[in-house]
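Asker: Sharing a structure here in structure tokens format.
The values are calculated or read from the model by the stated rules, or taken from the named source; none is laboratory data. Note that the coordinates shown come from a computational prediction; the quantities given were computed from them, not determined experimentally. Note: ideal-geometry Cβ built from the backbone for every residue, glycine included; neighbour counts use all protein chains shown. Side chains are part of the model used for accessible areas, which takes the heavy atoms of the whole protein and leaves out ligands, DNA and RNA. Shrake-Rupley method; radii C 1.70, N 1.55, O 1.52, S 1.80 Å.
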Amino acid sequence: MSKVWFTADSHFGHANIIKYCKRPFDSVEEMDACMIQAWNAVVRKDDIVYHLGDFAISRDPRTVRRIFSQLNGSKFLTPGNHDAAATLDLKWAKTDQIQVKTIDGTQVVMCHYAMRVWPGSHHGSIQLYGHSHGTLPGTHAQLDVGVDAWGFAPVSIDDIRRRLAETPAPEVE
């Protein structure tokens, strides 16, 4: 049975992201190799991965295709602000700016950006986002799934549920 994974903001090929986000790598080659290894350590060939934007910064289509082809799973892209033609032209299962899926009984709203409200936000759905590189705290119903917040690997719905449960819901008067 295939498993579903989420990630965002890998920024493959982006040397400056190491400095911007204080990533623990000495080079873009080291970063890319580490993230490919981390991805494939959890994602099997028959799994599904939703990537919520900013997959790669490299504009060289051959480099982007090489990285993409090394990653396990069927990959869906919700585009981010840095996803150029080299990324958008890959063999993604195409998606829109906002995706709504029911995964293991949970309605999941996915977008590159965090939202204040989303479809079903008052009825138990959760919202997953990227873009903020771990700097925007999640809530009891919304979470950054970017690599900077999850050890550079995709994250499962079970791990997302556990982290969401650690954040109390606001009290309603």
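Asker: May I ask for the Kirkwood hydrodynamic radius of segment 67-124, worked out over all distinct Cα pairs and given in angstroms to one decimal?
Answerer: Value: 13.2 Å, from the Cα pair sum.
Asker: Then there's this: If I model a spin label at Asp158 and Glu29 as a point 7 Å from the Cα along the Cα→Cβ vector, what separation in nanometres do I get?
Answerer: Taking the two extended label points, one gets 3.7 nm.
Asker: How big is D for segment 110-173, in µm² s⁻¹ as a whole number, if Stokes-Einstein is applied with the Kirkwood radius of its Cα pairs at 37 °C and 0.692 mPa s?
Answerer: 271
Asker: Placing +1 at every Lys and Arg Cβ and -1 at every Asp and Glu Cβ, with all other atoms neutral, what dipole size does the chain have around its Cα centre, in debye to the nearest 20?
Answerer: Once rounded to the nearest 20, the dipole reads 440 debye.
Asker: Pull out a ≥ b ≥ c, the square roots of the eigenvalues of the alpha-carbon gyration tensor of segment 91-133, then state rounded if a/c is under 1.5, prolate if not and a/b is larger than b/c, and oblate in the remaining case.
Answerer: oblate
Asker: While we're on this one: Hey, any idea what % of segment 19-173's accessible area is carbon plus sulfur with a 1.4 Å probe?
Answerer: Of all accessible area on segment 19-173, carbon and sulfur atoms account for 53 percent.
Asker: Say we join alpha carbon atoms closer than 10 Å with springs in a Gaussian network model of the chain; which of Val28, Val49, Val147 then has the biggest fluctuation?
Answerer: The residue that fluctuates most here is Val28.
Asker: Quick one: net charge around Phe152, please, counting Lys, Arg +1 and Asp, Glu -1 for every other residue with C-beta under 12 Å from its C-beta.
Answerer: Result for the neighbourhood of Phe152: -3.
Asker: Further question: Which aspartates and glutamates, if any, have their Cα less than 13 Å from the Cα of Lys91, not counting same-chain residues under 8 positions apart?
Answerer: none
Asker: On the first, second and third principal axes, largest extent first, how far apart are the outermost C-alpha atoms of the chain in Å?
Answerer: So the three principal-axis extents are 54, 34, 27 Å.
Asker: Pick out, from Met1, His82, Ala56, the residue whose Cα sits farthest towards the positive end of the charge dipole of segment 1-94, with +1 on the Cβ of Lys and Arg and -1 on the Cβ of Asp and Glu.
Answerer: The residue sitting most towards the positive pole is Met1.
Asker: May I pose another question? Per residue, how many Å² of accessible area does segment 5-69 show with a 1.4 Å probe?
Answerer: Heavy-atom SASA per residue in segment 5-69 reads 47 Å².
Asker: When we measure straight from the Cα of Lys22, which lysines land under 28 angstrom away, once same-chain ones fewer than 8 places off are left out?
Answerer: Lys75
Asker: Going 7 Å from the Cα of His122 in the Cα-to-Cβ direction, what parts of segment 133-173 have a backbone nitrogen less than 16 Å from that spot?
Answerer: In segment 133-173, the label zone of His122 (backbone N under 16 Å from the point 7 Å along Cα→Cβ) covers 170-173.
Asker: Here is a further query. Using only helices, what value at 222 nm comes out for the chain when you add -39,500 (n - 2.57) per DSSP H run of length 4 or more and divide by the total residues, to the nearest 500 deg cm²/dmol?
Answerer: That comes out to -7000 deg cm²/dmol.
Asker: Further, regarding this structure: As I understand it, the dipole of the chain uses +1 on the Cβ of Lys and Arg and -1 on the Cβ of Asp and Glu, about the Cα centre. Which of Cys21, Ala149, Ser10 lies farthest toward its positive end?
Answerer: Towards the positive end, the residue furthest out is Ser10.
Asker: Counting only DSSP beta bridges with both residues in segment 17-173, what percent are antiparallel, rounded to the nearest 5?
Answerer: Just about 35 percent of them are antiparallel.
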